[in-house]
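Report on one structure; see the data block that follows.
The values are calculated or read from the model by the stated rules, or taken from the named source; none is laboratory data. Owing to the predicted nature of the structure, the values given are computational and were not obtained by experimental measurement. Note: ideal-geometry Cβ built from the backbone for every residue, glycine included; neighbour counts use all protein chains shown. Heads up: the accessible areas ignore ligands, DNA and RNA and are worked out on the full protein's heavy atoms, side chains in. Shrake-Rupley method; radii C 1.70, N 1.55, O 1.52, S 1.80 Å.
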Amino acid sequence: MTESGKTPRAAAEIHAIGPQDAEHAGAGLKSIPAGEPGARPGRVAANDKCAQDVPDDAEDPLDGDGRISARRIAEALEDAETFTHAASQDLRAPMRQVRGYVSLILSGFGDKLPEEAAHMLRRIDGVAHRMDSLLRGLINLSGVSRGSVKFAWCDLGAISASVLERIEQSSPARKVTLRVEPGLRVRADARLVRLLLEALVGNAWKFSAKVQDPVIEIGRTEREGRSWFFVRDNGAGFDMQHADRLFEPFHRLHSQSEFDGVGLGLATAHRIVERHGGRIWAESGVGKGTRFYFTLD
């Protein structure tokens, strides 16, 4: 199950962001000059849309060249992740309540409701379900950046089989063949690896839904003198011309009417690989399935 060859130029590749990129990340931040509305000591604006208070005697957020320091950027990003995580958690409860009330109305009064009213309630339930999926995706995305990475030996094959079994429970009528190369062990954070495989195996499951005999394969190959893990499917695939945005949050290469989703799974996968100091990229073609390659070191 081993292949060799060079990485094609068309492959979508995302590299881990290093300290040298920090100054570019700060391009959208600037201080408010004295005299402008909202200006006062310790006030820093982000894209002129919001501002954050800091103590008047706090360390100057600008470095010697007048740019936002890498540490300040990291702190701002961490605060944003924390807010996203907390807000998403809090918003899930109302979504569950909406779906609960809709279910009660349909089950208790469904035969007494006009068909149009019942249809509207089902639409409400569908929207609430999508919103809950979006919030769950945001929680996963923000959560992978929180806490330390705890390395231990992980069996990618066993985790993949467990992930697929859980997915199959939601659609028992679908049958997918899973092929796993034996001995796929790696030192990584077990919790994050499970989220990574949930994203990649779930992606393969979703986009192979319209083929007659769907197959998901997890294995390892040699490229560029090193081992790469991969998750392959024989599903819909995508045009590699659009691959440069593949791992961006909320960006989708297929319409909602074609395949359901919120556009956060691959962004989460990328962030997990990045936290392990690895790389992830994809090869695909329309109607030819997709193969995601990744390393975790």
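Just to confirm a number: summing +1 for Lys and Arg and -1 for Asp and Glu over residues other than V149 whose beta-carbon lies under 10 angstrom from that of V149, what do you get?
Numbers: positive: K150, R191, R275; negative: D189.
So the surrounding residues net to +2.
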Subject >> For S170, solvent-accessible area (1.4 Å; no DNA, RNA or ligand), Å² >> reply: 90 Å²
Original post:
Can you pull the accessible area of F230 for me, 1.4 Å probe, Å² to the nearest 10?
Top reply: 0 Å²
Original post:
Taking the Cα centre of the stretch 144-297 as the origin and placing charges on Cβ (Lys, Arg +1; Asp, Glu -1), which of H242, P214, V180 is farthest toward the positive end of the dipole?
Top reply: V180
**OP:** For the stretch 102-231, state the average projected area of the convex hull of the C-alpha atoms over all orientations, rounded to one decimal in nm².
**Re:** 11.3 nm²
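What do the square roots of 5 times the Cα gyration tensor eigenvalues come to for the stretch 155-213, in whole Å, largest first, as semi-axes of the equivalent ellipsoid? Don't skip to the answer; put the middle values down first.
Values: eigenvalues 94, 29, 19 Å².
After diagonalising the Cα gyration tensor, the semi-axes are 22, 12, 10 Å.
Could you order M95, M120 by accessible surface area, starting with the largest, using a probe radius of 1.4 Å? Walk me through the numbers before you get to the answer.
On the way: M95 45, M120 105 Å².
Order by accessible area, largest first: M120, M95.
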